[in-house]
1. Among 100-109, 1-10, 160-169, how do they line up from the highest to the lowest mean number of other beta-carbon atoms within 10 Å?
2. Under 5 Å between amide H atoms, partner at least 5 residues away or on a different chain: which partners does Ile97 have, H built in plane at 1.01 Å?
3. Can you compute the modelled spin-label distance between Ala16 and Arg155, with each label point 7 Å from Cα toward Cβ, in nm?
4. What order do you get for 202-210, 11-19 when each peptide is scored by the mean count of other beta carbon atoms within 10 Å, highest first?
5. Arrange the peptides 256-265, 301-310, 59-68 so that the one whose residues have, on average, the most other Cβ atoms within 10 Å appears first.
Amino acid sequence: MRFVDPWLLLLLLAPAWLGWRWWRSRRQLPPHRISFPALRLAAVARPSTRARLAAWSRMVTLVGLAILVAALARPQIPGDSEPTRVRSRNLILALDISSSMKATDFQPGNRLAVARQVLRDFIKRRQGDLVGLVIFSGRAFLQAPLTNDLNVLDRLAAQVDIGDLPDGTAIGNALMLCLDQLKNLPKNSSAIILLTDGANNAGDISPEQAAEAARAVGVRIHTIGLSSADTFSAALNGVWSVRNINARLSGSDEAVLKDIATRTGGQFYKATDPNVLSAVLKEIDPMERIEVKVSETREWHDLFPTLVGVGLALLLAEMLLRVTWFRTAP
């Protein structure tokens with residue numbers, strides 16, 4: 001049961017106060033009375049049934065008032081529950097924001113700008129899921145804990161930029177921070193999506209150790225390596241220049257990312273341009289959604305008319321009894 005306007009239940013204090021006044025008046029002798037101490041036989045005489053009922057007839061009024069107050073609060077009871085299938089998942093996105101993400105091989109912009117936009121598009125499609133965001137370079141930082149408020153998550157993802165953290169690539173630390181958000185959730189109900197363009201070179205936890213921890217708690221890790229041979233904008237002696245660079249993701253780097261995914265039952269992807277990156281996330285999207293059966297109440301039945309009828313009936317019954325069966329001489 002629920003109440004549409006529960007604050008109106010405070011009006012129940014009125015019939016409670018009236019009931020207390022009535023009970024107190026019955027316990028006290030009237031101020032103007034005539035005593036007959038010699039009529040001791042009257043003291044042991046039992047009152048009739050009608051007299052006893054008449055004494056408690058005010059309770060009918062109080063109950064009727066209480067029911068009317070409850071009706072004003074609009075109580076509702078749920079109708080039939082309909083089983084609904086909801087596709088849901090707990091996801092943590094781990095995004096590399098090291099200086100190598102400045103590479104301009106992902107147009108328009110650099111690797112981070114493209115990865116950030118593709119991730120934002122991915123987040124917007126996660127209706128019904130709990131999604132979080134971890135950013136990392138030389139150390140890891142929880143940008144957004146698990147939440148179903150995708151608008152807030154989108155705004156936080158838009159604020160991510162290179163230089164927010166000390167430089168480096170602490171993949172192992174980032175994965176452990178992700179696992180810390182998922183460790184208390186049901187086993188095999190969560191996944192991590194890691195986006196990076198380099199090898200682990202910072203932090204005190206290796207990617208292999210983090211992968212083993214994820215496997216132990218049943219969290220799947222999908223790894224995406226961002227890489228291609230193109231240009232890189234950098235400052236040399238205070239002068240910005242554009243230079244050709246080799247692919248940042250070497251064979252050994254790919255092997256580490258593949259190992260992380262394989263150990264945890266995930267997949268490794270290599271994204272060489274924005275279109276491939278977008279296609280990878282679209283492929284992961286249905287893979288990381290599971291169907292959960294929930295019962296959803298679509299209709300609530302209002303008890304207001306019934307309670308009003310019962311309350312008014314009690315008040316009317318008490319009034320009729322007072323002028324008929326419970327009637328007394330003045």
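1. On the way: 100-109: 18.9, 1-10: 11.6, 160-169: 16.1.
Ranking, from highest mean packing down: 100-109, 160-169, 1-10.
2. Counting only residues 5 or more places away or on other chains, the set is Phe136, Ser137.
3. Computed distance between label sites Ala16 and Arg155 equals 4.1 nm.
4. Details: 202-210: 18.3, 11-19: 13.9.
In descending order of packing, they fall as 202-210, 11-19.
5. Highest-to-lowest ranking by the protection proxy: 256-265, 59-68, 301-310.
No value in this document is a laboratory result; all are computed from the given coordinates. Predicted model, so just to flag it, every value in this text is computed and none were measured. In this analysis, Cβ positions are derived from the backbone assuming ideal geometry, glycine residues included, and neighbour counts consider all displayed protein chains.
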